[in-house]
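The values are calculated or read from the model by the stated rules, or taken from the named source; none is laboratory data. As the structure is a prediction and not an experimental result, all values here were calculated from the model. Note: ideal-geometry Cβ built from the backbone for every residue, glycine included; neighbour counts use all protein chains shown. These accessible areas exclude ligands, DNA and RNA; they are computed on the full protein's heavy atoms, side chains included. Shrake-Rupley method; radii C 1.70, N 1.55, O 1.52, S 1.80 Å.
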Amino acid sequence: MLVEPDWGPARLAEHLRVTGNEIREALDTLVDLALMRESVERPGTLRPVDPHSALQALILRQQQDIQRQQQQMRESQLAFSRLVAEVAGRQPDTKSDKVETIIGLDNVHQRLERLSSEAESSVCTLAPAAMRSVELAGAALRNDRSALVRGVSIRTVFPDSVRTDETTLDYARRLTEFGGEVRTAPALPLRMLIVDATTALVPMDTSGPRKGAAVARLPGVITGLVALFEMIWTSSCPLGAECARDDGLTTQDRQILQLVSQGLTDAATGNRLGLSLRTVRRAMAGIMKRLGARSRFEAGMKASQRGWL
């Protein structure tokens, strides 16, 4: 359209040997990306935007998207810091049905083991550092294997930096063989364990568990922690497998894919994310095409295999 500004959709379709529907979908995408806009001289027609200006606009949108994610992470960290500060203000021996403080690293480790042994359905962990020793990795693996035998699902996220740590890699490989899942993310906001989506253990100090930990069963707090874990899990990738983060999926694509894979309709997904139905359908069509999937179910399976979910 830059070279032949007078060509309409029919002429473009003929020249490119594609269907009219494909041309219309392409034009919709270009408009959404701000690469096309309505002509002032010829209302009702589209004109291409100067490539240099368009490129700058696209880069700006990407930067804003990254800034939004960073802001969300900062807000999450602030919320957790407030929670930890509130719990830390309680007496060391404070206990209740909803919040309990644990003082001492040994006591924290014992409670971690107890929570894992009592798990009935799921254990989700954010581990901001590599396994500290072969002995600790072995002990964790024994607890995890016992839980997996009981039918408990185990998902753990480490930072990308552990990809060169042999102890952690060996732990991840063996845990995966037993049926657990391990992924990595660029960075993690805090250490955290969530059991059965009802109980969470977080450190009193976000730098680590040495100053003690808090066991929370407050529904509102648990909901927020579970949401944070799922957000990080969605954007993380399997440890021990080739995982390129330049898979081309935007944050919006990942969010759409995650919600659709959970069974939400296109309309419900759009409402949840504040997107139009057309945008959701176009995004899913693009994802299915890249995956070579003929159905939403097949797309979900292939996306999971590639570590997109």
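Condition check: modelled with pLDDT under 85, surrounded by 15 or more Cβ atoms within 10 Å (Cβ to Cβ) and more than 24 Å from the chain's Cα centre (by Cα). Does A185 satisfy that?
So A185 does not fit the description; no.
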Worksheet entry | Index of the failed condition, G151 passing every other in (1) surrounded by fewer than 17 Cβ atoms within 10 Å (Cβ to Cβ); (2) modelled with pLDDT of 85 or more; (3) in a helix (DSSP H, G or I) | (3)
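Take A137 and tell me if it is open to solvent by less than 60 Å² (accessible area, probe 1.4 Å), more than 17 Å from V195 (Cβ to Cβ) and touching a helix residue (DSSP H, G or I) at 6+ places or on another chain (Cβ under 8 Å). Break it down stepwise before answering.
Working: open to solvent by less than 60 Å² (accessible area, probe 1.4 Å): yes; more than 17 Å from V195 (Cβ to Cβ): yes; touching a helix residue (DSSP H, G or I) at 6+ places or on another chain (Cβ under 8 Å): yes.
Criteria met by A137.
If you go through segment 12-29 one residue at a time, how many are among the charged types (D, E, K, R) and open to solvent by less than 70 Å² (accessible area, probe 1.4 Å)?
The first filter runs over segment 12-29 and keeps only residues among the charged types (D, E, K, R), leaving 14, 17, 22, 24-25, 28.
Next cut, open to solvent by less than 70 Å² (accessible area, probe 1.4 Å) only: 28.
Matching residues across segment 12-29 total 1.
Sort through G274, G248, G270, G292 and tell me the only one that's open to solvent by 30 Å² or more (accessible area, probe 1.4 Å), at pLDDT 75 or above and out of contact with any Asp or Glu (no Cβ under 9 Å at 6 or more places or on another chain).
Details: G248 fails: at pLDDT 75 or above; G270 fails: open to solvent by 30 Å² or more (accessible area, probe 1.4 Å); G292 fails: out of contact with any Asp or Glu (no Cβ under 9 Å at 6 or more places or on another chain).
Every option except G274 fails the conditions.
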Discussion item. Restricting to segment 30-57, and then to whatever is open to solvent by less than 50 Å² (accessible area, probe 1.4 Å) and either of a type outside the set (V, I, T) or part of a helix (DSSP H, G or I) (or both), can you tell me which residue is modelled with the highest pLDDT?
Written reply: P48
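Is it fair to say G263 is surrounded by fewer than 17 Cβ atoms within 10 Å (Cβ to Cβ), at pLDDT below 80 and farther than 27 Å from P238 by Cα? Break it down stepwise before answering.
Working: surrounded by fewer than 17 Cβ atoms within 10 Å (Cβ to Cβ): yes; at pLDDT below 80: yes; farther than 27 Å from P238 by Cα: no.
For G263, the condition - surrounded by fewer than 17 Cβ atoms within 10 Å (Cβ to Cβ), at pLDDT below 80 and farther than 27 Å from P238 by Cα - is not met.
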Worksheet, complete the sentence: A197: passes all of (1) surrounded by fewer than 17 Cβ atoms within 10 Å (Cβ to Cβ); (2) touching a residue at least 40 places away in the same chain (Cβ under 8 Å); (3) not in a loop (DSSP other than H, G, I, E, B) but (3)
Worksheet item: For segment 155-182, what are the residues that are buried (at least 22 other Cβ atoms within 10 Å of the Cβ), assigned to a strand (DSSP E or B) and without any contact (Cβ under 8 Å) to a residue 60 or more places away in the chain?
Response: T156, V182
Item to complete: Would you be able to tell me the number of residues in segment 88-121 that are over 14 Å from L201 (Cβ atoms), at pLDDT 75 or above and not charged (D, E, K, R)?
Response: 1
Item to complete: May I ask you to list pairs of residues, at least six apart or on different chains, whose Cβ atoms are under 7 Å apart, with the first in segment 114-130 being open to solvent by 40 Å² or more (accessible area, probe 1.4 Å) and in a helix (DSSP H, G or I) and the second being hydroxyl-bearing (S, T, Y) and modelled with pLDDT under 85?
Response: none
Discussion item. Being of a type outside the set (A, V, I, L, M, F, W, C), over 17 Å from L115 (Cα atoms) and modelled with pLDDT under 80 is the filter here; which residues of segment 202-220 pass it?
Written reply: D205, T206, S207, G208, R210, K211
Worksheet item: Taking segment 258-303 as the region of interest, how many residues are in contact (Cβ under 8 Å) with a residue 12 or more places away in the chain and of a type outside the set (G, A, S)?
Response: 18
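Which of the residues spanning segment 8-46 are touching a residue at least 60 places away in the same chain (Cβ under 8 Å) and not polar (S, T, N, Q)?
Residues of segment 8-46 touching a residue at least 60 places away in the same chain (Cβ under 8 Å): 25, 28-29, 32.
E25, D28, D32 - these are the residues of segment 8-46 that are touching a residue at least 60 places away in the same chain (Cβ under 8 Å) and not polar (S, T, N, Q).
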Practice prompt. Please specify each residue of segment 221-236 satisfying the condition of being open to solvent by 60 Å² or more (accessible area, probe 1.4 Å) and modelled with pLDDT under 85.
Written response: M231
